[in-house]
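Please treat every number below as a calculation from the coordinates, not as lab data. Values in this document were obtained by computation on a predicted structure and should not be read as measured data. Cβ: placed from backbone, ideal geometry, glycine included. Neighbour counts: every protein chain shown.
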Amino acid sequence: MKNFTPLAVAVVSAVLSPLAASAQAVDARIPGVWTMVSLEVADTSGQMQQIPYSGQIIFTADGHMAVQAVNADAEAPDTPYTRHGYEAQYGRFVTDEAAGTLNFTIESALVRDLIGQTLERRYEFEGDQFILMPADPSEGFRVTYEQQ
């Protein structure tokens, strides 16, 4: 086996270090299992209304994410994220802690049109609660979770 020259090691390190850093861009407060405690959706006047939903979101420290949620109303109309009141998707995520944003790239989803999309979300913490909102306020929702 040949010895690696210091130059070769430096080049490989320079190439791989940014990749490793970007793969680990996860706010350390986020990983874990979070249970939905409330979902608010904007009505036609822009007022937030509580929707009877339950769900769970799971984040890993290495940037994997999975979410499942269900509307208590089995007759709920479909949305861009749900079918028959049910939502399920998984993929990879990265965060920008300074900006308070989370980008979720969907690898698989119940709603197949979502596959391959990257959804940008704003996030914040209030006490022991984790809150997700769309980066685009016109989407009009706010989901609150508590960690298990």
Calculate, axis by axis, the spread of Cα positions in the range 26-147 along the three principal axes, and write the results as whole Å, longest axis first. 37, 31, 24
Once phi for every residue in the range 39-52 is put through the Karplus expression 6.51 cos²θ - 1.76 cosθ + 1.60 (θ = phi - 60°), the whole-Hz ³J(HN,Hα) values, with Gly and Pro written as x, are 10, 10, 10, 6, 7, 4, 8, x, 7, 6, 10, 6, 10, x
One finds, for GLU126 and ASP96 with R0 = 22 angstrom and r their Cβ-Cβ distance, a FRET efficiency to the nearest 0.05 of 0.70
Considering only C-alpha atoms, what is the centroid distance from the range 20-82 to the range 92-110, in Å? 12 Å
